[in-house]
Amino acid sequence: MSTKYLEISQVSKVFGNTAVVQGFDLNVSRGEFVTVIGHSGCGKSTVLSMVAGLTHSSAGAIILGGKELREPGPDRGVVFQAPNLFPWMSALQNVQLGVEQAQPRKSRREHAQVAAHYLELVGLGDCLHKKPAALSAGMRQRVGLARAFALDPKLLLLDEPFGMLDSLTRMELQDVLIELWSQNDKSALMITHDVDEALLLSDRVVMMTSGPRAHVGEILRVQLPRPRVRKAVLEDPSYYVMRERIIGFLESQAHRPAPAAEAVSVSPEPTVVPAPPTGRAGCEQVAS
């Protein structure tokens with residue numbers, strides 16, 4: 001598979017007089033799942049927003065499938081931390097709206113069939129006509145996942161999609177995401193604060209330096225076999241070695257002195273770290 005399906009080349013973002021991100025370089029292969037991890041405020045979500053076309057970069061280029069990205073488009077399906085559903089629309093209508101924009105040549109009936117299919121896949125087949133107020137937080141986020149996959153995008157972008165959920169719901173939706181991604185073979189770029197989540201989901205974990213002028217510090221290749229089952233992953237001895245590697249990097253960044261405001265630096269090449277050797281949701285009514 002291509003090593004440059006998504007190319008993020010020397011991308012920077014300046015707010016006022018501060019370069020939040022500077023010299024960010026990353027390639028994502030076709031069908032690869034990559035997570036970006038780093039401390040709060042390091043610019044992870046800013047990078048994702050630039051790839052989504054929601055924020056313009058100050059320098060550099062972002063190319064997807066040979067085309068430079070300059071604005072939002074249906075070739076990228078985005079899942080945010082909050083599902084951002086239209087409250088007056090049903091789950092089916094929320095997903096169908098995106099399908100209509102991405103696939104305008106299909107009929108309304110076909111749009112509805114696609115939307116219903118993906119809601120079935122995320123375990124909400126019994127909730128098609130429920131509005132967001134009648135769904136739990138986890139169910140609403142399932143709708144968000146269904147909406148992103150239903151677009152049939154070239155690239156899936158996930159900005160801490162499970163960060164607002166309790167731990168049990170978070171684990172359930174991680175499993176849903178693994179299943180959806182395995183069936184669709186999409187390239188995915190995900191932002192997370194959770195080391196265990198990154199290792200469970202990823203082919204590679206990208207570790208960002210602390211800001212300002214944050215960039216790629218290290219990249220860890222996760223060579224745990226797929227398909228992944230949580231229990232098997234946790235029993236793999238290499239899992240804990242990789243986990244300590246990521247935590248060690250993050251701790252080193254927590255104690256890194258902030259660079260001088262007037263300094264201008266060129267991002268070093270990232271260190272590539274090899275890996276060590278080796279449901280269905282019930283549709284209960286909830287209070288609005």
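Descriptive notes on the structure:
- Strands (runs of 3 or more DSSP E) wholly inside the stretch 151-261 containing at least 2 residues that are closer than 19 Å to Leu48 by Cβ and of a type in the set (Val, Ile, Thr): 187-192, 204-208, 216-221
- Condition met for Arg213 (of a type in the set (D, E, K, R) and on the phi > 0 side of the Ramachandran plot): yes
- Meets criteria (surrounded by 22 or more Cβ atoms within 10 Å (Cβ to Cβ), of a type in the set (Phe, Trp, Tyr) and within 15 Å of Met190 (Cα to Cα)) for Phe33: yes
- Top-ranked residue of the stretch 189-229 - restricted to ones that are farther than 22 Å from Val176 by Cβ and among the basic types (Lys, Arg), ranked as surrounded by the fewest Cβ atoms within 10 Å (Cβ to Cβ): Arg221
- Condition check for Leu92: under 22 Å from Ser49 (Cα atoms) and assigned to a helix (DSSP H, G or I): no
- Checked across the stretch 37-46, the condition of being charged (D, E, K, R), assigned to a strand (DSSP E or B) and either at pLDDT below 95 or closer than 24 Å to Leu180 by Cα (or both) holds for no residue.
- Residues located in the stretch 49-77, provided they are aliphatic (A, V, I, L, M), touching a Ser or Thr at 6+ places or on another chain (Cβ under 9 Å) and within 20 Å of Leu156 (Cβ to Cβ): Met50, Ile62, Ile63, Leu64
The values are calculated or read from the model by the stated rules, or taken from the named source; none is laboratory data. All values derive from a computational prediction rather than experimental measurement. Methodologically, a virtual Cβ is constructed for each residue, glycine included, from the backbone with ideal geometry; neighbour enumeration extends over all protein chains shown.
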